[in-house]
Structures are given as C-alpha cells and as structure tokens.
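Since the structure comes first, as structure tokens, the remarks are kept for the end.
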C-alpha cells in the first residue's frame with residue numbers, strides 16, 4: 001500500500017499536470033517530511049511556490065485595474081458587466 | 001522593461017519549466033496515477049466495500065501495462081503487492097458471482113505474469129511468496145530467518161533487474177537506481193553484492209562504489225520516492 005506522503009506526492013504531480021498550482025503546493029506540503037531529501041521533489045515544490053508568489057505579486061501590481069466579469073444566464077446569453 | 005513585464009516573464013518561465021518537468025515525467029505520472037487509484041480501491045475494500053467493478057474497470061484501463069512492459073521492477077512489485085491485498089479480500093469460490101471470479105482470475109493472471117521469468121523455458125519456474133503466520137519478535141534483531149527472507153527478496157529483485165539485460169553491469173545500474181531513488185534496502189544489498197562479485201572478477205568498480213555510497217547516504221536521509 002502507498003503511504004500518505006506518497007499519495008500526496010502523486011496528487012501533487014497530477015495537480016501540476018493540470019496547472020492547479022495552489023492545490024499542488026498543498027499536496028507537496030503534506031508530503032514534505034517524507035521526501036525532504038529528494039532533490040526532484042524539492043525543485044518541483046519550490047518552483048511551484050515561487051510561481052504562486054509571482055502570480056500573487058502580479059495580481060496586486062499588475063497595473064490593470066479592469067475587472068471583467070462574464071455571466072451566462074440560463075437562457076444561454078452572455079452579459080458583459082465589465083467595471 | 002517594467003516590473004510587471006519582468007514578473008510576467010518570470011511567470012511564463014516558471015510555468016514553462018514546470019510544464020516541461022511534468023511532460024518529461026508524463027509516463028511515470030500516468031503509472032503513479034494508476035498505482036494510486038489501485039491503492040484507493042484496496043482501501044475501499046478494507047472499508048468493507050465491494051470493489052469488483054472498480055477492479056474490473058482498473059484492469060480495463062491498465063491492462064496494457066502488462067503487454068507494453070511499462071512498469072519498472074519496483075512499480076511492478078508495488079502493483080503486485082496491492083493486487084495480492086485485493087485478491088485476499090475477494091471470495092472466488094463456487095458461490096461467488098461470475099464477475100467476482102473473473103476479477104479474481106484476472107488478478108491471478110496479472111500477478112502470475114508479473115513474476116520474473118527465465119529465458120530458458122525448461123528451467124522456468126513460478127515462485128510464489130507467501131507470508132507465514134506472524135510472530136512476536138524483536139524486529140531489530142537480525143535472525144537466520146530474517147536473513148533468509150532478505151536473501152529471497154534480493155534473489156527476486158535480481159531476477160527483476162536482470163530480466164532482458166545483456167550484462168551484469170546493466171542489472172547493477174538498475175539496482176543502484178532503485179536503491180537511490182526508491183530507497184529500496186534490498187536493492188542496496190544487491191548492488192553491494194554485485195559490486196563485490198565484479199571486483200573479485202577483476203572489474204574496475206570505483207564509480208559503482210561511489211554510487212553505492214550515495215544511495216546509502218540517501219537511504220539514511222529519507223524514506224523513499226514516489
């Protein structure tokens with residue numbers, strides 16, 4: 001059977017493959033104790049963390065203050081409510 | 001270049017790096033997904049659920065692993081171990097349903113095919129490992145029985161590592177990889193044994209000794225790899 005850390009690492013890789021970076025970091029953290037000395041693990045986890053930090057920084061300092069929200073109503077029509 | 005542009009460039013670079021890293025491991029990740037799913041099924045079964053359909057569906061998806069020889073020796077042992085767990089929980093007697101019997105048969109076929117085979121069919125034999133009744137012992141104490149058990153595991157591992165290989169060095173490479181990357185203790189013992197054998201036969205073994213020491217260091221540092 002796989003232990004919890006191994007399962008978490010597998011799920012982290014799946015999340016990375018699907019570009020769900022925040023989720024991946026969560027799984028990496030759960031597996032961290034077990035894979036502490038694994039270099040590949042450390043590179044993937046730290047790169048994902050750095051990417052999230054960059055994304056976070058971009059979201060607050062992007063300089064683009066336009067927020068675009070699209071809503072799709074039940075009749076199938078889209079309404080653009082850009083602000 | 002503005003700060004935002006720099007951050008965007010860095011974001012793109014990091015995403016590309018992760019994409020490529022994942023792409024390089026795509027096949028391995030697929031295998032790990034499958035092993036993880038099988039492990040989930042085994043846990044469902046331990047929870048008292050009927051997993052016949054789930055196992056059947058798993059085989060339908062992953063049957064090609066057997067034919068394509070996609071699994072590494074360590075992965076095959078992992079899959080066989082989990083299938084053995086599931087097999088023990090599946091009643092396959094006359095009173096069980098056809099679907100259950102079919103799944104049990106499929107597991108037997110899979111685990112039977114997964115065992116290492118010898119190229120000479122006349123000497124080929126199937127080795128079935130069974131765990132005896134558990135006894136209360138001091139697990140740290142080395143005993144003759146434990147050593148014999150380890151020796152058997154090493155023999156099986158060697159059969160895995162040397163299958164389809166033309167030279168002992170290639171089997172040693174495989175064993176060292178398994179010892180380093182997967183933290184496999186038997187692989188470490190096997191590597192040391194092969195290195196000693198090669199040394200006795202006049203081969204230069206220094207590079208292998210370095211790899212062995214690195215694998216040993218890794219094993220002392222961590223528990224394993226995914």
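The values are calculated or read from the model by the stated rules, or taken from the named source; none is laboratory data. Just so you know, these numbers come straight off a predicted model, no measurement behind them. FYI the Cβ positions are ideal-geometry reconstructions off the backbone, even for glycines, and counts take in every protein chain you see.
What number of residues within region B:1-55 are under 30 Å from residue A:50 (Cβ atoms), surrounded by fewer than 16 Cβ atoms within 10 Å (Cβ to Cβ) and touching a residue at least 24 places away in the same chain (Cβ under 8 Å)?
1
Please specify each residue of region A:31-52 satisfying the condition of being part of a loop (DSSP other than H, G, I, E, B) and either without any contact (Cβ under 8 Å) to a residue 12 or more places away in the chain or within 8 Å of another protein chain (Cβ to nearest Cβ) (or both).
Within region A:31-52, A:34, A:35, A:36, A:37, A:38 meet the criteria.
If you check residue B:3 against the conditions, is it within 10 Å of chain A (Cβ to nearest Cβ) and modelled with pLDDT under 90?
Criteria met by residue B:3.
Out of B:69, B:88, B:118, B:64, report the one residue that is more than 25 Å from residue A:10 (Cβ to Cβ), at pLDDT below 85 and surrounded by fewer than 18 Cβ atoms within 10 Å (Cβ to Cβ).
Values: B:69 fails: more than 25 Å from residue A:10 (Cβ to Cβ); B:88 fails: more than 25 Å from residue A:10 (Cβ to Cβ); B:64 fails: more than 25 Å from residue A:10 (Cβ to Cβ).
Matching residue, one of B:69, B:88, B:118, B:64: B:118.
Being within 10 Å of chain B (Cβ to nearest Cβ), modelled with pLDDT of 90 or more and touching a helix residue (DSSP H, G or I) at 6+ places or on another chain (Cβ under 8 Å): is that true of residue A:58 here?
no
Within the group B:193, B:172, B:168, which residue is surrounded by 19 or more Cβ atoms within 10 Å (Cβ to Cβ) and in contact with a helix residue (DSSP H, G or I) (Cβ under 8 Å, 6 or more places away or on another chain)?
Only one candidate passes the filter, namely B:172.
Please count how many residues of region A:1-26 are more than 10 Å from every other protein chain (Cβ to nearest Cβ) and under 24 Å from residue B:45 (Cβ atoms).
1
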